[in-house]
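Below: the structure, in structure tokens.
Where a number appears in this text, it was derived from the coordinates with a stated rule and is not lab data. Values in this document were obtained by computation on a predicted structure and should not be read as measured data. Cβ sites come from the backbone with ideal geometry, for glycine too, and all protein chains shown count toward neighbours.
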Amino acid sequence: MVKKFRESYIIDAIRTPLGRRNGLLKNLHAVDLLAIPLKAVAERNNIQFDRIDDIIAGCVTQIGEQGANVARNAALSAGFPETVPGTTVDRQCGSSLQALQFADQGINSGFYDVVIAAGVESMSRHTIGSNISKEKNPITTSLDKRYNLNGNWFSQAYGAELIAKDRKLTRSELDEFSLRSHKAALKARERFKKEIVPVNIENFKDGEITTTRLDYDEGVRENTTIEKLSGLPPAFSGLELITAGNSSQISDGASSVLMASEEAVTKYDLKPTARILSASVVGVDPVTMLTGPIPATRKVLDRAGLDISHIDLFEVNEAFAPVPLAWLKEFDVDDRKLNPNGGAIALGHPLGATGCRIVTTMINELKTTGKKLGLIAICEGGGMSNSAIIEIL
């Protein structure tokens with residue numbers, strides 16, 4: 001008989017560098033991209049591959065290379081034995097944070113002893129939304145009638161514009177926040193090396209093979225200015241405030257987190273680094289859709305029995321600048337504690353990988369600064385959000 005509840009621990013978290021759209025990672029197969037952090041997180045913690053009970057990976061555009069259960073295919077590509085299973089989950093932008101929550105719950109229940117939560121998205125190779133079409137999309141007559149969609153699928157950019165106007169956020173505020181993201185990410189580049197597993201890309205030209213090593217996030221704009229950002233036109237028809245500059249970047253990347261039970265920690269001589277103190281998932285209006293981090297934050301704090309003043313560091317995913325800015329308007333938080341190393345506007349947002357990427361960055365930052373508690377909240381397509389509080393051990 002297994003216990004009804006067991007403690008679970010985060011042993012390690014790692015990610016690839018994030019490649020900009022059509023950048024250095026564009027020719028890397030999505031399966032092989034995910035295989036990199038899966039293999040690395042196991043090897044650098046000296047855990048034999050056959051001791052992994054499951055691999056749970058987030059991925060949003062599950063089509064083509066990312067179809068047919070990319071988690072399982074990546075495990076095999078990485079050299080894991082055939083006995084190690086894998087499954088792929090989709091909670092939109094929070095998919096790999098959801099994978100982490102499922103892994104945590106699996107250990108809590110006694111179902112797992114050692115599990116890897118992960119995520120991947122190769123957006124250069126699989127365009128966002130390419131798994132739906134105008135003719136064959138998820139809209140039903142009931143959905144169309146309920147939300148007055150006129151046959152069009154929900155637009156995140158439209159939702160971001162609605163949030164900005166509702167919270168009376170100006171274009172200048174959005175662009176200033178975006179500039180802040182790039183500056184912070186550039187400043188943190190050396191610090192990020194602790195959490196990044198470099199990727200070696202082979203290039204074939206004129207019959208010769210050359211190798212390029214990528215060990216930094218390609219999307220960070222070193223020379224961007226407020227003048228450049230403010231000069232960008234709206235990126236989407238009918239909008240006024242949302243531009244390519246104050247939106248998250250289309251990116252390629254993968255991430256993974258190794259988790260284990262207390263029994264496995266002892267048995268395999270593992271060294272816990274953190275744990276999930278609390279987690280939540282919520283639903284909100286699917287039209288505005290991006291307000292979810294606000295109730296998700298309240299819910300995760302309530303479950304932990306904590307006040308927001310107890311949290312040392314916050315990561316609210318920068319899907320669009322209005323998301324973290326609207327969140328800031330709701331909570332009495334020093335803005336220097338929010339996304340101190342930049343976010344998806346500068347680093348990029350490979351959809352399925354972002355959750356575990358943020359967990360990796362959060363753990364790295366908490367350990368570097370000697371802090372203890374970090375809160376993560378991610379907005380998601382369809383009007384959802386998941387959140388977690390990470391505690392450093």
query: Share of antiparallel DSSP beta bridges in the chain, in percent to the nearest 5?
result: 75 percent
message: I'd like the Karplus ³J(HN,Hα) series for segment 60-71: coefficients 6.51, -1.76, 1.60, θ = phi - 60°, whole numbers in Hz, and an x wherever there's a Gly or Pro.
response: 8, 8, 8, 8, x, 4, 9, x, 6, 6, 4, 4
- line: The lysines whose Cα lies under 18 Å from the Cα of residue 136, excluding any fewer than 8 residues away in the same chain, are 145
field: In Hz, Karplus ³J(HN,Hα) per residue of segment 281-298 (6.51, -1.76, 1.60; θ = phi - 60°; x = Gly, Pro)
entry: 9, 9, x, 9, 3, x, 7, 6, 6, 9, 8, x, x, 5, x, 5, 5, 4
Nearby lysines by direct alpha-carbon distance to residue 205 (threshold 30 angstrom, same-chain neighbours under 8 apart not counted): 26, 39, 193
- request: Per residue of segment 380-393, in order, report the coupling 6.51 cos²θ - 1.76 cosθ + 1.60 (Karplus, θ = phi - 60°) as ³J(HN,Hα) in whole Hz, putting x for Gly and Pro.
  value: 9, x, x, x, 9, 7, 10, 9, 8, 10, 9, 10, 7, 9
- prompt: Using alpha-carbon positions, what is the distance between the centroids of segment 274-349 and segment 50-98, in Å?
  reply: 26 Å
- prompt: Radius of gyration and Dmax for the chain's Cα atoms, expressed in Å?
  reply: 20.1, 64
Pairs of Lys in segment 233-378 closer than 28 Å at Cα, counting only those 8 or more apart or on different chains: 18
statement: For residue 183 and residue 201, extending 7 Å from Cα along the Cα-Cβ vector and measuring point to point gives, in nm, a value of 2.9 nm
- prompt: Once the convex hull of the C-alpha atoms of segment 173-245 is built, how many Å³ does it hold per residue, rounded to a whole number?
  reply: 144 Å³
